[in-house]
1. Which residue is most open to solvent (accessible area, probe 1.4 Å), if the candidates are limited to segment 1-16 and must be more than 15 Å from residue 45 (Cβ to Cβ) and assigned to a loop (DSSP other than H, G, I, E, B)?
2. Please name all residue pairs, on different chains or six or more residues apart, with Cβ atoms under 8 Å, provided the first residue is in segment 88-112 and is closer than 13 Å to residue 57 by Cβ and the second residue is open to solvent by less than 50 Å² (accessible area, probe 1.4 Å) and polar (S, T, N, Q).
3. Taking the options 20, 6, name whichever one is charged (D, E, K, R) and within 23 Å of residue 101 (Cβ to Cβ).
4. With a cut-off of at least 1 residues that are over 26 Å from residue 3 (Cα atoms) and open to solvent by 80 Å² or more (accessible area, probe 1.4 Å), name the strands (runs of 3 or more DSSP E) lying wholly within segment 17-112.
Amino acid sequence: MDRLTENAKLLRKNSTPQEEKLWNLLRTKKYKNLKFKRQQPIGKYIVDFVCREKWLIIELDGGQHNEEKNIIYDDERTKYLESIGFKVVRFWNNDIDNNIEGVFEVIDKMTQ
């Protein structure tokens with residue numbers, strides 16, 4: 001098993017509460033016809049959630065993503081993922097905690 005795959009496995013085992021909440025909701029009947037995977041390697045990156053049928057990546061960001069070095073890294077990462085055909089949508093952990101309906105409105109629009 002390569003290092004990226006090992007890291008993805010560790011991330012799945014150590015999900016944040018927000019990742020767990022979104023994961024549990026993505027697996028419910030609302031999205032049962034779409035196959036989402038979590039913590040999946042794509043290129044040299046590990047994405048939080050991916051639906052390959054819709055070429056959609058969902059990223060959840062905590063406060064550390066507001067730091068300049070992480071903003072630059074996330075921007076590079078998003079550009080790469082979009083360059084190979086994925087749509088990337090980012091939500092703050094706060095969105096999961098306080099506005100899950102708004103999160104699903106965006107996901108609904110992106111999966112139609």
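The values are calculated or read from the model by the stated rules, or taken from the named source; none is laboratory data. The structure presented is a predicted model; accordingly, all values stated were derived computationally and were not measured. Note that each Cβ is placed from the backbone with ideal geometry, even for glycine, and that neighbours are counted across all protein chains shown. SASA here: full protein model, heavy atoms, side chains in, ligands and nucleic acids out. Shrake-Rupley method; radii C 1.70, N 1.55, O 1.52, S 1.80 Å.
1. 1
2. What qualifies is 88/78; 90/78.
3. Values: 6 fails: within 23 Å of residue 101 (Cβ to Cβ).
One residue alone meets the criteria, 20.
4. Of the strands (runs of 3 or more DSSP E) lying wholly inside segment 17-112, those with at least 1 residues that are over 26 Å from residue 3 (Cα atoms) and open to solvent by 80 Å² or more (accessible area, probe 1.4 Å) span 87-92.
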